[in-house]
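One structure below.
Please treat every number below as a calculation from the coordinates, not as lab data. Everything quoted here is computed from the prediction, not taken from an experiment. Using ideal geometry, Cβ is built from the backbone for each residue, glycine included, and neighbour counts are taken over all protein chains shown.
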């Protein structure tokens, strides 16, 4: 009877662990960007705390790779609750990030034409040329912008057919 309960807990724990891992992998890449950390300081702090907790669990598990130990006996049988808490915190970070991206889309509706990952790539860079790979998605037949004066102004726009238009 106890063995069956332990196996059910191991199964539930591993399922939740996989969900947490996917969420963590996605957000870890985003919050690794210094620009995003500057733009979302509170969320970055929350993610850092959650990241530390998750990495501690992973370190302990790597040292003792036994499913029964990792899921049932670790932390006095509280591993599943720990993972639920981490999942909840990662969901909160994701929600804050989504709200941030929605606010940027509201300011510039053209951002609705690109994915959240592409938008993060643009917003997460202090390099103004980071928008270049996404120009065709944002503007019809606008493939490239040419920047001048140390990337402070846009001087030309080029189409997909290599036609170039100079701005005055």
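In this simple spin-label approximation, residue 8 and residue 101 carry label points 7 Å from Cα along the Cα→Cβ vector, and these lie 3.7 nm apart. In units of the rule-of-thumb radius 2.2 N^0.38 Å, the range 127-168 shows an alpha carbon radius of gyration of 1.09. Could you tell me the relative contact order of the chain? Use alpha-carbon pairs under 8 Å, at least six residues apart, and round to a whole percent. So the answer I get is 19 percent. I need the calculated FRET efficiency for the pair residue 129 and residue 15, taking r as the beta carbon distance and R₀ as 41 Å, to the nearest 0.05. Efficiency computed from Cβ-Cβ geometry: 0.45. On a 0 to 90 degree scale, rounded to 10, what angle separates helix 41-63 from the longest Cα axis of the chain? Around 40 degrees separate the two axes. The protection proxy used here, the mean number of other Cβ atoms lying within 10 Å of each residue, ranks peptides 94-106, 116-128 as follows, highest first: 116-128, 94-106. If R0 equals 22 Å, the separation of the Cβ atoms of residue 167 and residue 137 corresponds to a calculated FRET efficiency of about 0.60.
Over the Cα atoms of the chain, compute the convex hull volume and normalise it per residue, giving Å³.
148 Å³
When the Gaussian network model of the chain links Cα atoms closer than 10 Å, the mean-square fluctuations of 14, 153, 36 top out at 153.
A straight chain from residue 112 to residue 160 at 0.36 nm per residue would run longer than the Cα-Cα distance by 15.2 nm.
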